[in-house]
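Below: the structure, in structure tokens.
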Amino acid sequence: MIWKGLCVLFLLPLLPSSSQRGVEPYDLMYDSGIEAYYRNDYQKVVDFMENAISSYTTLRQTKITCRLDCRDKYPVELQPRDWDVSFFSAMLARAACVNRCEESILGAVSRHRVSEDIKSEFYRRVPYNFLQRAYFKLNQLDKAAEAAHTFFMANPEHMEMQQNLEDYHKNSDVHLVDRERLIHMEDYHAGVKLYDAEQYELAIHRLEDALQGYYRADVECRAMCLGPHKFDEYEHVKYSATLYEAIADHYIQILACEHECVRELATRPGRLSPIENFLPLHYDFLQFSYYRVGDIIKALECAKSYLLFHPGDTDVSENVSFYESLLPEHVRPEDIKPRKEAAQFVKHHIFESEIIQAAAAGLGFSYDEPEFWVTGGDRQDENSVPPVANDELTGVTGLLSGKKAVQKIDRELREGGPLIYPDVKLVYNSAHLNGTQRVQLDNVISDEECRELQKLANIITIAGDGYRGKTSPHTPNEKFQGATVLKALQLGYEGHVPMKSARLFYDVSEKARSIVQSYFMLNTTLFFSYTHLVCRTALQGQQDNRNDLSHPIHADNCLLDPEANECWKEAPAYTFRDYSALLYLNGDFDGGEFVFTEMDAKTVTASIKPRCGRLVGFSSGGENPHGVKAVTRGQRCAVALWFTLDPMNRELERLQADEVIRALDQESQGGGLSEDLNINPRDEL
């Protein structure tokens, strides 16, 4: 058997290919669609984006099918004597099988390696944003509404898309379908609605479908974990590992990924936190539904299945005793077992956890097992039978995701300190702006300084600066440009712009920092975290009936989760940022209002129209969600500033800029400019 497997391994690559070119890479079609969008060629936008979405779906399904089929085709049959040869022959055969399978459908696999940025945009369903706009331009309103709905389901904080959908509803009675819907999630929610309506027969059918769909989705999720994984250690030239170390490194990444499928399958698109207690809830709703339709045996099966996840649950344990008392005399309670698939799932999940924990101890890495089955979710106490008097929900012990909610500000909140500079005028404080740690100030800089900085911006700013070169990081209907202080000083030193203008950028940002620190009466130094001169320009021909935002609602130091009404302080958020400020340079444009909202990312609590010299300052946490309304005409420029109270997280470019300024000051005093200035400009941190 061993040598047969090896022969298959070497013979597979010699078989003729059934497809020379295969599927077109979805990232290339996506880029072509964006280019067509900027040319206002909306039919091409539709063609490219629809093909990109189709290719993306085909790629994922091909990987799942090939990996599962090849796993089944070449099982691991370990021999006690030659286990290593047996194991690796199966692995090598699977590898060749997967490559052959994928290439027969996709073409060369190397053509489908896609950047993390593009993967993220498809995960966030960004192509559907382009599609809804293109379909609208082509007057295909039903398809536009469907694309808008699909995008909105993964971006529920996008309040302008919600307005689009309301407008589409007024003009069409079409039933909107989420084109990327998760079948198991859809069945689950439909089942719960039927359960709430006391239509228990129908609820059972949908919840049973949801369970089957969940376990199918779990298999697919695990198959997707079998792809490549990146290890930081491999970036080092000196990294070396034995065969077993390399296998262990890779396998533990795969195992952890598979273990986390519980969280992924319970998370709706666009949400940060999963539905708590998601899989056990299926059995909880089913046990009560079966009881209400008179099927005591199945009710008992489901109740015992729920207890596999929560062995100490008092309510369901009482339900079990109650169901057992209703069994016919010829049926023994001990003969009614939990569902087989539930028992196997829980057993495997526990085994995975034990392996990961053992690996963490043996290989020297840390792993905190999340609370996967917390009981503070949608389960209601009326699922107990007979009904219990206590309607309180079981206390929440934590979130399934293991994410940490934003912490309360660990300092005394104060405001109203001196504004330092005589011309600066206080317009609104936190009370007027309906929030906490907010301020609006005017006359921070003069009209002449605004004009000089805006002129500087139009010379030195680069499209996509600070956002990995993305021309439109927040909306495809505007061009985004930016530049850092150090970039400005370097260009001034090289003679490309007046040094006076570059120096003004530095001085103005320092002035804003001093004002914010003083007004909020901070008893420690406020350090720069990032400084950015930014302009947003409305693109001509793309502003008709526009309802998207220039910058979506967000918080600056945590990940905003509107549905959970939380803000999670974890990467990729800049968790070290403490205060933020925006100093506006002009107001001669349409739209572009700065808005504060509630945690729901929809309810606007304050709106501020930019103008020259106006500054908005605020604390950076979840207490201050904010965004920018669409710029529909002209150019909006500002100095964007983020600050930290932690000197370990201060901006490195700012330290270099400080050195340049000190050297310039020495030169102005007759000391000459130092030859060893270490100017190393970076477009982003």
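No value in this document is a laboratory result; all are computed from the given coordinates. Computed from a predicted structure; not experimentally measured. Heads up, the Cβs are rebuilt from the backbone with ideal geometry, glycines too, and the neighbour counts pull from every protein chain shown.
The figures follow:
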{"read-out": "Cα-based shape type of the range 162-316, given that a ≥ b ≥ c are square roots of the gyration tensor eigenvalues and the cut on a/c is 1.5", "value": "oblate"}
{"read-out": "For Ser529, distant residues with modelled amide H under 5 Å away", "value": "Trp642, Phe643, Thr644, Glu651"}
{"read-out": "Vicinal HN-Hα couplings computed from phi for the range 289-296 (Karplus, 6.51 cos²θ - 1.76 cosθ + 1.60; Hz; Gly/Pro x)", "value": "5, 5, 4, 5, 9, x, 9, 5"}
{"read-out": "Of Phe576, Gly591, Ser501, farthest towards positive along the dipole that unit charges on Lys, Arg, Asp, Glu beta carbons give the range 482-610", "value": "Ser501"}
{"read-out": "Electrostatic dipole magnitude of the range 136-293 [Cβ: Lys, Arg +1; Asp, Glu -1; Cα centre; debye, to 20]", "value": "200"}
{"read-out": "Amide H contacts under 5 Å for Val23, placed H, 5+ residues apart", "value": "Leu106, Gly107"}
{"read-out": "Only Lys, Arg (+1) and Asp, Glu (-1) charged, at Cβ; the range 95-206 dipole about Cα centre in debye", "value": "540"}
{"read-out": "For the range 241-336: relative contact order, % (alpha-carbon pairs under 8 angstrom, 6 or more apart)", "value": "17"}
{"read-out": "Modelled label reach - Leu426, point 7 Å along Cα→Cβ, the range 495-519 residues with backbone N closer than 11 Å", "value": "519"}
{"read-out": "Cα gyration tensor shape for the chain, rounded if a/c is under 1.5, else prolate or oblate", "value": "prolate"}
{"read-out": "Two-site FRET efficiency, Glu334 against Thr314, from Cβ-Cβ distance with R₀ of 30 Å, rounded to 0.05", "value": "0.90"}
{"read-out": "Distant-in-sequence amide H partners of Val631 (H built 1.01 Å from N, under 5 Å)", "value": "Ser550, Gly592"}
{"read-out": "Links that overshoot a 26 Å alpha carbon limit, given the list Lys500/Lys609; Lys73/Lys304; Lys137/Lys479; Lys455/Lys609", "value": "Lys500/Lys609; Lys73/Lys304"}
{"read-out": "The chain - charge dipole about Cα centre, Lys and Arg +1 at Cβ, Asp and Glu -1, debye rounded to 20", "value": "1720"}
{"read-out": "Shape of the range 132-179, Cα gyration tensor, a/c cut at 1.5", "value": "rounded"}
{"read-out": "Helix 26-38 axis, angle to the chain major axis (alpha carbon atoms, nearest 10°)", "value": "40"}
{"read-out": "Full-extension gain in nm, Val76 to Asp665, via 0.36 nm per residue minus C-alpha separation", "value": "204.8 nm"}
{"read-out": "Computed label-point distance, nm, for sites Gln162 and Arg451 using a 7 Å Cα→Cβ extension", "value": "4.3"}
{"read-out": "Sparsely packed trypsin sites (Lys or Arg not before Pro) within the range 76-113, loop by DSSP, other Cβ within 10 Å at most 16", "value": "Arg81, Arg113"}
{"read-out": "Theoretical gain in end-to-end length, His189 to Asp295 [0.36 nm per residue, Cα-Cα removed]", "value": "35.9 nm"}
{"read-out": "Cβ-based charge dipole, the chain, positive-most Cα from Asn171, Gly621, Pro333", "value": "Asn171"}
{"read-out": "Relative contact order [Cα under 8 Å, 6+ residues apart], the chain, whole percent", "value": "10"}
{"read-out": "Rounded to 10°, Cα long-axis angle of helix 2-11 versus longest principal axis of the chain", "value": "50"}
{"read-out": "Positive dipole terminus of the chain, leading residue within Val114, Tyr195, Leu641 (C-beta point charges)", "value": "Val114"}
{"read-out": "Structure-based [θ]222 nm, the chain - -39500 (n - 2.57) summed over DSSP H runs of at least 4, per residue, nearest 500", "value": "-15000 deg cm²/dmol"}
{"read-out": "Vicinal HN-Hα couplings computed from phi for the range 585-591 (Karplus, 6.51 cos²θ - 1.76 cosθ + 1.60; Hz; Gly/Pro x)", "value": "10, 7, x, 8, 8, 9, x"}
{"read-out": "Label-point separation in nm, Gln357 to Ser607, each point 7 Å along Cα→Cβ", "value": "5.4"}
